[in-house]
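Notes follow the structure.
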Amino acid sequence: MRKILIVMSALALSSAAFSQGELDAYKYAQRDLNGTARYLSMGGAFGALGGDISAMHTNPAGLAVYRSSEVVTTLSLSSVSAKSDWLGNKLDNSRTRVNFDNIAYVGYFPTSNDEGLVSWNVGFSYNRAMNYSRNYTMSAGPGMDTSLSDYVAELTTRLAHRNAPEGFTANDLQDGEGRNPYAIGAWMPVLGYNAGFIESIGGSTSRDFASSFKNPTTGEWLKLRGAELNVTERGAIDQYNIAFGLNFSDLFLVGGALAITDLNYDYSSWYTESITDNSSLTLDNTLSTDGTGYSFNLGAIVRPSDYFRFGVAYTSPTWYKMTDYFYAKGTSVVVGGEQWATTPDGAYANYEYRSPDKWLFSAAAIIGSYGLISVDYELTNYKNMKMYYDGGSENLETNGYIKEDFKAGNSLRIGAEAKITPQFSVRAGYAWIDSPVKASLKDQVYETVTVGTIPNYTVDGGMNNYTVGLGYRFTPNFYMDLACVYKVHKEDAYAFSNLYPMEDGDIEINNQKATLKTKTTRVALTLGYKF
């Protein structure tokens, strides 16, 4: 038996059924440790130091440190390994890529004054702020307790009862011209019903649903033998900065920057379950996200002596205009009978997104001509992330989840540099980023809402970056920096949310959670010329 989902073209363009969730907001707020090789090798701790083009997206007052004009560019080579452990089944996916990380120009303009405004600088830069490139695979055997079909059945039942009596019944989920499946506000029940994942209990007017995976002759439920999830992520967040810096008496430095941000994210996944009696379930998903946003950054650095510097900076939220493009196909085989359905071609959603704002506090000690030590502390207000529908009305449900499940995020960056000779320097650093996710989301106290027809997701567990590097000045004008960054990112990964604790707290479900550890080794090379 085969069935394809058909809806009116106007409905296929509805945004309501594809509005974004809290974990999507967090995904688009994350940033890599990225910049020049000198910035990387010192763990990104440049908030009080300045004198590096990476200051344009941390503390733009650092531009005022420059005493000459400069052009600089950075290339890097990265190796990404994603290791998963799902019920004891361990898998590893790896890939290597080359990136063009940044290019920038800084112009230095002295005023010939000994006091007051002694110089002003301008800067223009491109910087890659985030790389999404990763593949990972999860595989589990017979130890699983529940199927994706159980999740879809429970989700559909709850939505049907929550919206009653104006909501939907099984009859409203039937495909065909003139039906309005968007009335339920979610696509997964529509796709799952027409793909044969679930069936109604009590006929076409029922609001109760159950898994379709049972023997039609005996009525016995089929058993889940195992599952596999394959995920591919691609894309990046790129920033284009216009910045200025003002130097007052070599004591007080201020700066500002305007950033234009370009976001693109491509996702695809394939999930399958093997079930007894030659039965199976398969779900394919693709998602492509494009966004453009803007933000501003203000900062200051105080130099009370030649040996100490202190900095503070504020980075505003980035205000985005976003578009998502979706496509999914579900297939079920129940004791030899096949059924499948797809979402419409060209389905998309326009929406708006506001990222969190940040505060940066920093200090640095200059040890004469021998070296330096620098520390940055960054506070990110993830509770202030917000999602909006197309047109600007607030997505109250998603924003309520954000406030419940996220807290302020902390990051600490430490860096040191030692000059072995006037031309040769060695560097080392460390950057720690904690997880702003509250225990309620980490521990699956209640349902984690996902969007569209993508049931799987990851929950952040924190990140550590270990960095080393060196620099060499070939001439007074031309220099080269080299850095190596080893990043470890821990996450919990779920094939689908655990719905049951919301009402049945005594039921233990142990099949959803897998551990996911992504390790990235990156080597970056920066070439710069001062004039």
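Among the listed pairs K27/K90; K329/K438; K90/K358; K358/K490, those with a Cα-Cα distance over 30 Å are K329/K438; K90/K358. Ranked by the mean number of other Cβ atoms within 10 Å of their residues, highest first, the peptides 395-404, 188-197 fall in the order 188-197, 395-404.
Under 1.5 on a/c is rounded, so check that first for region 279-407, then, if it is not, pick prolate when a/b is larger than b/c and oblate when it is not; a ≥ b ≥ c are the square roots of the alpha carbon gyration tensor eigenvalues. It is prolate, given that a/c is not under 1.5 and a/b is the larger ratio.
Computed from phi, the 3J(HN,Hα) profile of region 285-301 under the Karplus parametrisation 6.51, -1.76, 1.60 (θ = phi - 60°) reads 9, 9, 9, 10, 10, 10, x, 10, x, 9, 7, 9, 9, 10, x, 8, 10 Hz, with x in place of Gly and Pro. For the chain, the dipole from Cβ point charges (+1 on Lys and Arg, -1 on Asp and Glu) about the Cα centre works out to 1720 debye, to the nearest 20.
Give, in nm to one decimal, the length gained when the segment between N464 and T292 is fully stretched (0.36 nm per residue of separation minus the Cα-Cα distance). Could you put the intermediate results ahead of the total?
Values: separation 172, 0.36 × 172 = 61.92 nm, distance 2.86 nm.
Answer, rounded to one decimal: 59.1 nm.
At the residue level, W359 shows approximately 120 square angstrom of accessible surface with a 1.4 angstrom probe and all protein chains present. Straight Cα distances below 13 angstrom link K383 to the aspartates and glutamates E22, D357, E404, D405, with same-chain residues fewer than 8 positions distant left out.
Around the Cα centre of region 219-297, unit charges on the Cβ atoms of Lys, Arg, Asp and Glu (plus for the first two, minus for the last two) sum to a dipole of about 140 debye. Using 0.36 nm per residue and subtracting the Cα-Cα separation, the extra length available between L525 and Y472 on full extension is 17.9 nm. Counting only protein chain heavy atoms and rolling a 1.4 Å probe, the accessible areas of Y294, Y348 rank, largest first, as Y294, Y348.
Would you please give the FRET efficiency between R95 and D306, computed as 1/(1 + (r/R0)^6) with r the Cβ-Cβ distance and R0 = 51 Å, to the nearest 0.05?
Details: r = 47 Å, r/R0 = 0.92.
It comes out at approximately 0.65.
Annotation: region 35-194 has a Kirkwood hydrodynamic radius of 21.6 angstrom, from the mean reciprocal C-alpha pair distance.
Over all alpha-carbon pairs in region 72-153, figure out the percentage whose distance exceeds 21 Å.
Working: 2092 of 3321 pairs.
Of all Cα-Cα distances in region 72-153, 63 percent exceed 21 Å.
In the complete set of protein chains, residue-level accessible area for E417 is approximately 10 Å², probe 1.4 angstrom.
Between G291, F310, W270, the Cα set farthest toward the positive side of the dipole of region 249-390 (charges on each charged residue's Cβ, about the Cα centre) is that of F310. Multiplying the residue separation of T111 and D262 by 0.36 nm and removing their Cα-Cα distance gives an extension gain of 50.8 nm. Helix 396-405 axis versus longest C-alpha principal axis of the chain: approximately 70°, rounded to the nearest ten.
In terms of overall dimensions, the chain has a Cα radius of gyration and Dmax of 26.4, 94 angstrom. Taking a straight line from the alpha carbon of K223, these lysines sit under 17 Å away, with near neighbours fewer than eight places off in the same chain left out: K214. Could you estimate the translational diffusion coefficient of region 376-428 from the Stokes-Einstein equation, with Rh from the Kirkwood formula over C-alpha pairs, at 20 °C and 1.002 mPa s, in whole µm²/s? This corresponds to a translational diffusion coefficient of 146 µm²/s.
Give me the percent of the accessible area of the chain that comes from carbon and sulfur atoms, probe 1.4 Å, all protein chains in place.
Numbers: 12170 of 21380 Å².
Of the solvent-accessible surface of the chain, carbon and sulfur hold 57 percent.
Packing around the peptides 349-357, 49-57, taken as the average count of other Cβ atoms within 10 Å per residue, puts them in this order, highest first: 49-57, 349-357.
Using the C-alpha gyration tensor of region 230-353, what are the square roots of 5 times its eigenvalues, in whole angstrom, with the largest one first? Please report the intermediate quantities before stating the final value.
On the way: eigenvalues 552, 56, 14 Å².
Output for region 230-353: semi-axes of 53, 17, 8 Å.
Treat region 182-299 as a sphere of radius equal to its Kirkwood radius over Cα pairs and apply Stokes-Einstein at 10 °C in a medium of 1.306 mPa s; give the translational diffusion coefficient in µm²/s, rounded to a whole number. Rounded to a whole number, D works out at 81 µm²/s. In terms of Cα atoms, the Rg and Dmax of region 249-301 work out to 24.4, 81 Å.
In straight-distance terms, cross-link reach from K487 covers every one of the lysines whose alpha-carbon lies under 17 Å from its own, apart from those fewer than eight places away in the same chain; here that gives K83, K517, K519.
With kT/(6 pi eta Rh) evaluated at 10 °C and eta = 1.306 mPa s, and Rh the Kirkwood radius from Cα pairs, region 406-486 diffuses with a coefficient of 98 µm²/s according to Stokes-Einstein.
The solvent-accessible area of T315, taken with every protein chain present and a 1.4 Å probe, is close to 30 Å².
With every protein chain in place and a 1.4 angstrom probe, the accessible-area ranking of K487, K329, largest first, reads K329, K487. Its Kirkwood hydrodynamic radius, worked out from the mean inverse distance over all distinct Cα pairs, puts region 198-250 at 18.1 Å.
What shape does region 28-69 take by its C-alpha gyration tensor, where a ≥ b ≥ c are the square roots of the eigenvalues and a/c under 1.5 counts as rounded, a/b above b/c as prolate, and the rest as oblate?
On the way: a/c = 2.25, a/b = 1.66, b/c = 1.36.
Note, shape of region 28-69 comes out prolate.
Would you work out the charge dipole size for region 51-103 about its Cα centre, treating the Cβ of every Lys and Arg as +1 and the Cβ of every Asp and Glu as -1, and quote it to the nearest 20 debye? Walk me through the numbers before you get to the answer.
Details: 5 positive and 5 negative charges, 32 e Å.
With only Lys, Arg, Asp and Glu charged at Cβ, the dipole is about 160 debye.
The values are calculated or read from the model by the stated rules, or taken from the named source; none is laboratory data. Since we're looking at a predicted model, the values are computed, not measured. Glycine gets a Cβ as well: all are built from the backbone with ideal geometry, and neighbour counts include every protein chain shown. Surface accessibility is based on the protein's heavy atoms, side chains included, excluding ligands, DNA and RNA. Shrake-Rupley method; radii C 1.70, N 1.55, O 1.52, S 1.80 Å.
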